[in-house]
Amino acid sequence: MGGTFFKNFSFFSATLSFFLLIGIFSILFSYAQDALHEFGFDFLFNEVWEADEDDEGGIFGGFIPIIGTLLSTLIAMIIATPLAMGIAIFLTEIASSKIAKPVSIAIELLAAIPSIIYGMWGLFYFAPIVQEYIGGNGVGLLTAGIVLAIMILPFMAAISRDAMQTTPAVLKESAYAMGATKFEVIKDVIMPYAKGGIIGSVILALGRALGETMAVAFLIGSVMSIPSSITDPSTSIPVLLANNFAEAQDLEMSAMYYLALILFIVSLVIISIAKFYFLRTKVK
Amino acid sequence: MNRLLLNKLILILSTLSAVIGISFLFWILITLSYKGISALSFSIFTHDLVEGGIRNLLVGQFTMAILASLIAVPIGMMAGIYLREYGHGTKLASIIRNLSDVMMSAPSIVIGVFVFALFVAPFGGYNGWAGVIALAIMMIPIIISTTDNMLALVPQELREAGMALGGSKHKIVLQIVVRAAKVGITTGILLSFARIIGETAPLLFTSANNQFFSMDLTEQFPSLTVSIYNLATYPDESSRDLAWSAAFVLTVIVLCINLLGRFVIRNKK
């Protein structure tokens, strides 16, 4: 008796994540219907976001938040990827275990800090630096991208390190015995061996950066305008949702659901590619 | 000589990246502590937001995170148990495992939008339960994955020994397998709790915020993280100071729970 109940309960719990995913997709899709009908796929390339005077309708295009999301993520990836690789190499090949351990813990703690802390710190400490040395008025794509990079850095470094650590010692030792330098071992033995895990970590971090809300909300400027330089303020899908979603009406609300749907689908595709193509581990 | 130089250069650059990573951690923690502690006073823990304190915010944030855990931990653990002990090797289990893996990285703001459509709009306004549900949705996939992975580490012989004693399946699972994986699962629960207690995005338009002390989950519910977001963008100095203290307190809580989780698993080894 108890056994059957236990088994059924565990089965229903397991299927719940399936229904959640389907549920999120269908809710977003059905609430986005109005905007989907009204704007179709042109939504992606339309840069106008304007409600009518009577607040009943208007023209809503997703181009600006989409571009803002892509650009801030791109800046973050350009900065974070080489740094993360460097850290992963440092932890697996350079540092002695006495140093690697505390550094690893520090990197993991950096990953545990809530994103709102990064955003707030970025606004008060980092934005003024960007303003003084690079230009603009502090908040903008560049600042958002840099702080986003700091945020995804530990995550990317930790997964790449795990991938690099799986390289069998015997492979590395053979290369060293042939007179290879450390860099040659990294380039010709470790990198090819850990390639899947490394690319996977980069793509996973990309997915995380695209959907990040709070760190970017403080820093991107939240302005509905096309940036003409990287220090210009703009907005992103998560930030637009965070600031304007709850107050939106009718068609504008539907356009917001449309944006959320786009973000959801893009994230799922990216995460799936990373997890099932590059990070696929042997079935235990 | 050239390749030796290149080698040196790459090694220096790698070390430099580690130094940069660590410096950011210290930079953030030091500025946060400096700003947070200098604005910190005992009275903010005894007053609510409306009187310039964070008492109601802390209580609210913990209430939501604990209730979310009460929902997510049993569901997540049971799902993990299904994947590893009942459905292991079946097509269905591997599909669910993959979906849950993907859900783990779904953008938190989208989960907020989903919960808004289901639990806020139909009920006429922000409410604490919506926040609890949003946090639980974020937490479930993490618990599933931890339970699944930790149960996988339990040696098959233990299960066989249980079967040899004539134990029924659910008794073996509960009293032998889960017990053997207890430490790992506890760590996973602590780490995921640390993650959701610092979440802001899924709460923005679900539970929103409340300036007053409230335990009524059918109304807007006080939240520490949402308050930090609001306070930090106010122009006046005292709001910002309070935001820094709140941010400091939040970070200390999150890092302590995190270290506690690591300590638990370290002690086992």
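The values are calculated or read from the model by the stated rules, or taken from the named source; none is laboratory data. A quick note: this is a predicted structure, and the numbers were derived from the prediction, not measured. Here Cβ is always computed from backbone atoms with ideal geometry, including for glycine, and neighbour counts include all displayed protein chains. All accessible areas refer to the heavy atoms of the entire protein, side chains included, with ligands and DNA or RNA removed. Shrake-Rupley method; radii C 1.70, N 1.55, O 1.52, S 1.80 Å.
Quick look at the numbers
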quantity: Cα-centred dipole magnitude for chain A, charges only on beta-carbon of K, R (+1) and D, E (-1), debye, nearest 20; calculated: 2420
quantity: Average other protein chain Cβ within 10 Å of Cβ, residues B:3-10; calculated: 4
quantity: Environment charge at B:Leu158 (Cβ cut-off 15 Å; Lys +1, Arg +1, Asp -1, Glu -1); calculated: +3
quantity: Relative contact order, percent, chain B [alpha-carbon distance under 8 Å, six or more residues apart]; calculated: 27
quantity: The protein assembly as shown, helix-only ellipticity at 222 nm - DSSP H runs n ≥ 4, -39,500 (n - 2.57), divided by all residues, nearest 500; calculated: -22000 deg cm²/dmol
quantity: Protection proxy ranking of A:90-98, B:109-117 - average other beta-carbon atoms within 10 Å, highest first; calculated: B:109-117, A:90-98
quantity: Selection from B:Met215, B:Ile189, B:Val115, by position along the positive dipole direction of segment B:40-268 (Cβ); calculated: B:Ile189
quantity: Cα pair distances in chain B, grouped into 10 Å bins until the bin that holds the longest one, percent each; calculated: 7, 23, 26, 22, 14, 7, 1, 0
quantity: Burial order of peptide ranges A:104-116, B:19-31, A:204-216 (average beta-carbon count within 10 Å, highest first); calculated: A:204-216, A:104-116, B:19-31
quantity: Within a Gaussian network of chain B (alpha carbon springs, distance under 10 Å), most fluctuating of B:Ile95, B:Ile197, B:Ile71; calculated: B:Ile95
quantity: Helix runs (DSSP H) in chain B reaching 30 Å along axis by Cα, Kyte-Doolittle at least 0.5; calculated: B:2-39, B:55-81, B:128-152, B:237-268
quantity: Top of B:Lys171, B:Lys182, B:Lys35 by mean-square fluctuation, Gaussian network on chain B, Cα under 10 Å; calculated: B:Lys171
quantity: Helix A:63-89 axis, angle to chain A major axis (alpha carbon atoms, nearest 10°); calculated: 10
quantity: Cα lying deepest toward the dipole's positive end in segment A:63-278, options A:Ile113, A:Leu251, A:Ala163, charges on Cβ; calculated: A:Ala163
quantity: Check: the protein assembly as shown dipole with +1 on Lys, Arg Cβ and -1 on Asp, Glu Cβ, in debye; calculated: 3800
quantity: Highest to lowest packing among B:155-162, B:62-69, scored as the average C-beta count within 10 Å; calculated: B:62-69, B:155-162
quantity: Relative contact order (%) - segment A:200-276, alpha-carbon pairs under 8 angstrom, separation at least six; calculated: 41
quantity: Per-residue mean of C-beta atoms belonging to partner chains within 10 Å, peptide B:71-81; calculated: 4
quantity: Förster radius 22 Å - calculated FRET efficiency between A:Val223 and B:Ile20 (Cβ-Cβ, nearest 0.05); calculated: 0.15
quantity: Normalised alpha carbon radius of gyration of the protein assembly as shown [divisor 2.2 N^0.38 Å]; calculated: 0.99
quantity: Formal net charge of residues neighbouring B:Asn127 (Cβ-Cβ distance under 10 Å; K, R +1; D, E -1); calculated: -2
quantity: Largest-first ellipsoid semi-axes for segment A:3-159, taking √(5λ) over the Cα gyration tensor eigenvalues, angstrom; calculated: 37, 31, 13
quantity: Mean-position separation - Cα centroids, segment A:138-199 and segment B:205-269, in angstrom; calculated: 34
quantity: Neighbouring partner chain Cβ atoms per residue of A:2-12, average, 10 Å criterion; calculated: 6
quantity: Nearby aspartates and glutamates by direct alpha-carbon distance to B:Lys35 (threshold 20 angstrom, same-chain neighbours under 8 apart not counted); calculated: B:Asp236, B:Glu237, B:Asp241
quantity: Cα-based helix-to-principal-axis angle, A:250-272 vs chain A, degrees rounded to 10; calculated: 20
quantity: Charge dipole (the protein assembly as shown, unit charges on Cβ, about Cα centre) - positive-most of B:Ala130, B:Leu6, A:Tyr133; calculated: B:Leu6
quantity: Alpha carbon convex hull of segment A:63-278, volume per residue in cubic angstrom; calculated: 129
quantity: With Cα atoms, 0 to 90° folded angle of helix A:141-165 axis to chain A main axis; calculated: 40
quantity: Percent RCO, i.e. relative contact order, over chain A, from Cα pairs under 8 Å lying at least 6 residues apart; calculated: 27
quantity: Rounded to the nearest 20 debye, dipole of segment B:40-268 from Cβ charges on Lys, Arg, Asp, Glu; calculated: 1100
quantity: Solvent-accessible area of A:Phe29 with every protein chain in place, 1.4 Å probe, in Å² to the nearest 10; calculated: 90
quantity: Formal net charge of residues neighbouring B:Ile142 (Cβ-Cβ distance under 15 Å; K, R +1; D, E -1); calculated: +1
quantity: 20 Å Cα-Cα reach of B:Lys169 towards aspartates and glutamates, excluding residues that sit fewer than 8 places from it in its own chain; calculated: B:Glu85, B:Asp148, B:Glu157, B:Glu160
quantity: Total lysine pairs under 24 Å (Cα atoms) in chain A, excluding pairs fewer than 8 apart on one chain; calculated: 18
